[in-house]
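The values are calculated or read from the model by the stated rules, or taken from the named source; none is laboratory data. Source: prediction; values computed, not measured. When we count neighbours, we look across all protein chains shown, and the Cβ atoms used for this are built from the backbone with ideal geometry, even at glycine. Side chains included, ligands, DNA and RNA excluded: accessible areas come from the protein's heavy atoms. Shrake-Rupley method; radii C 1.70, N 1.55, O 1.52, S 1.80 Å.
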Amino acid sequence: MSQPVPFPIRTQCPPGACICNRDQLLDDPQADLRILRLTREEEKKLIARIENIASYAELKNIEERMQAMLGMILRITPSVHGVRTVRGFSIQLVQRPGLCKKTRQAIPAAIRRCLENNPDIVYAILNAHDLLGDSAAGTSSGP
């Protein structure tokens, strides 16, 4: 028997279209149901907000809020082989029960669009992973 939920939750995906295990999550009395708060309407709002991010600090804030409010863990990592375009980043939501397949694809796609429009955020991510070599920026190779 599914546990009663005191807030609106995401509707069930069509059978065979998703492997989010929504029903198993609802059947587990110890389960973390925060992810189910992300209804389709709320997901659209989140994606619009992500696409309008203007700074690295704002991206980190959204990332922290997604984890705190929904239990979603976002990972953005540059390739060890270098980043020439935004495609050089691995952007993933850690899979967990209740996280819809479409959401796992839509949020990274929105972040990628945000990064394409904001190269300063790309540089900040690279700098956070020490791939720009800021430690060498203050050195000179004078005579």
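Is there a residue in segment 24-31 that is part of a loop (DSSP other than H, G, I, E, B) and of a type in the set (Asp, Glu)?
Going through segment 24-31, the residues part of a loop (DSSP other than H, G, I, E, B) turn out to be 28-31.
From what is left, the residues that are of a type in the set (Asp, Glu) are 28.
Within segment 24-31, one or more residues are part of a loop (DSSP other than H, G, I, E, B) and of a type in the set (Asp, Glu).
Would you call Gly71 of a type outside the set (Phe, Trp, Tyr) and in contact with a His (Cβ under 9 Å, 6 or more places away or on another chain)? First the steps, then the outcome.
Values: of a type outside the set (Phe, Trp, Tyr): yes; in contact with a His (Cβ under 9 Å, 6 or more places away or on another chain): no.
Taking the combined requirement at face value, the residue does not satisfy it.
For segment 12-35, which residues satisfy the criterion of being open to solvent by less than 50 Å² (accessible area, probe 1.4 Å) and at pLDDT below 90? Show your work before the answer.
Let us first name the residues in segment 12-35 that are open to solvent by less than 50 Å² (accessible area, probe 1.4 Å), namely 13, 18, 20, 22, 25-26, 31, 33, 35.
Passing the criteria: Cys13, Cys18, Cys20, Arg22, Leu25, Leu26, Ala31, Leu33.
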